[in-house]
Amino acid sequence: MAFSFTADEGQEVERIRARYPDAMSATIPLLHLAQRRMRWISPEVVDEVARVLELPRVHVADVVSFYTMFQRQPVGRHLISVCRTLSCHVLGGREIIDYLRQRLGLGDAHSGTDAAGTFTLEQVECLAACGSAPVLLVDGVYHENMSLEKVKALLDSLEKGASLSRPAPGEGGN
C-alpha cells in the first residue's frame, strides 16, 4: 500500500524543506514525521521521503538502517525500549529484560511484539540515564529507577488502557 503525507503533514513537509535547504538534511525530520503516524518506516515511506526530497532511495534507506530510532518493522501499541548497558544491567536491567521477554511470550528473542500486538520490546545500548538505572523508555517516556514490581504495574496499567504523560522538564520519569 502506497504511503503519502496527508495534507496537514504536507504543510509540515514544506516547513521542514524551508528550514533545511539541503534536501539531505531534511531526511531525518521527514522520517520522524512519517513514523509518528505509521509507527514504523515501511519501504513505501522510504520511497515517499526520497520522492519528496528528490533524493536517491538508497540515501533514505541508509539513514533508516543506520539510526536505531527508526523502526523497520511494525510495532505494537506500546514500544518498550530497555537499556542493556552496564549501569542498567548491574542494577536489575537483565532481570527486567528476562521478565518482559517471558511476559510478552518472546522466548529467547531479544526483541519482538507480543501476540496481541500490544507491546513491542527492543533492547537498546543506552538511554543516557545511567544515574537512575535501570531505565525503560515506553512510548517515548522515560521510566527510571525501575524494579520488577514497577515494570509489572506499568504493563498492567497500559493493558487496562492507561496512557503515558510526559513529565514536566526537570521532574524525571517514574
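The values are calculated or read from the model by the stated rules, or taken from the named source; none is laboratory data. All values reported here derive from a predicted model rather than from experimental measurement. As a convention, Cβ positions derive from the backbone with ideal geometry for all residues, glycine included, and neighbour counts pool all protein chains shown.
Numbers for the structure displayed
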| read-out | value |
| --- | --- |
| Options 92, 117, 131, 107: the member that is outside any loop (DSSP other than H, G, I, E, B) and at positive phi | 92 |
| Matching entry among 53, 86, 100, 104 (being farther than 30 Å from residue 159 by Cβ and assigned by TED's automatic domain parsing to the domain that holds residue 149) | 86 |
| The lone exception for residue 68 - which of (1) over 24 Å from residue 39 (Cα atoms); (2) touching a residue at least 40 places away in the same chain (Cβ under 8 Å); (3) exposed (fewer than 14 other Cβ atoms within 10 Å of the Cβ) it fails | (1) |
| Residue within region 148-157 that is in a strand (DSSP E or B) and assigned by TED's automatic domain parsing to the domain that holds residue 105 present | no |
| Qualifying positions in region 35-58 - part of a helix (DSSP H, G or I) and closer than 13 Å to residue 69 by Cα | 35, 36 |
| Residues of region 96-122 satisfying the condition of being over 24 Å from residue 160 (Cα atoms) and surrounded by 14 or more Cβ atoms within 10 Å (Cβ to Cβ) | none |
